[in-house]
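What follows is a single structure, written as structure tokens, with notes after it.
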Amino acid sequence: QLFNEAMDPATWDGPNPNLPSKGSTLHGTGRCSPCAWFWKARGCNSGFDCPYCHMCPEGELKARKKAKVQAIRMGVLEPAGKAGASTQVHNRGALKLNQLI
């Protein structure tokens with residue numbers, strides 16, 4: 001119930017100014033998205049206005065991508081944009097002999 005109240009827009013006060021970025025608001029809920037630039041040498045140029053999480057540990061983005069690929073390979077997840085992809089591959093491989101005649 002506490003989680004539902006925290007996620008309810010009616011009870012949300014906006015981003016906490018004590019957090020390193022606006023995207024860090026969801027950190028700890030499993031719904032944040034790690035910032036790809038925060039751990040780079042130059043850092044994130046967006047600072048507090050960054051919509052991505054600056055609280056995730058270094059390597060979190062890579063770990064999540066690996067887990068997603070593994071889940072797709074195991075058949076737990078379906079790749080994004082897969083709907084209709086099999087017919088596109090089928091049509092792409094078909095030879096068009098009309099142009100050769």
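The values are calculated or read from the model by the stated rules, or taken from the named source; none is laboratory data. All values reported here derive from a predicted model rather than from experimental measurement. Every residue, glycine among them, receives a Cβ derived from its backbone with ideal geometry; neighbour counts consider all protein chains shown. Surface accessibility is based on the protein's heavy atoms, side chains included, excluding ligands, DNA and RNA. Shrake-Rupley method; radii C 1.70, N 1.55, O 1.52, S 1.80 Å.
Observations, loosely collected:
- Filter pass, Thr11 being surrounded by fewer than 10 Cβ atoms within 10 Å (Cβ to Cβ) and at pLDDT below 90: yes
- A search for C-beta distances below 8 Å between a residue of the range 23-34 that is under 13 Å from Cys50 (Cβ atoms) and in a helix (DSSP H, G or I) and any residue that is of a type outside the set (S, T, N, Q) and open to solvent by 20 Å² or more (accessible area, probe 1.4 Å), counting only pairs 6+ apart in sequence or on different chains, returns Gly23/Pro51; Gly23/Tyr52; Ser24/Met55; Thr25/Pro15; Thr25/Leu19.
- Boolean, Thr87 is at pLDDT 85 or above, open to solvent by less than 100 Å² (accessible area, probe 1.4 Å), of a type in the set (Ser, Thr, Tyr) and not in a loop (DSSP other than H, G, I, E, B): no
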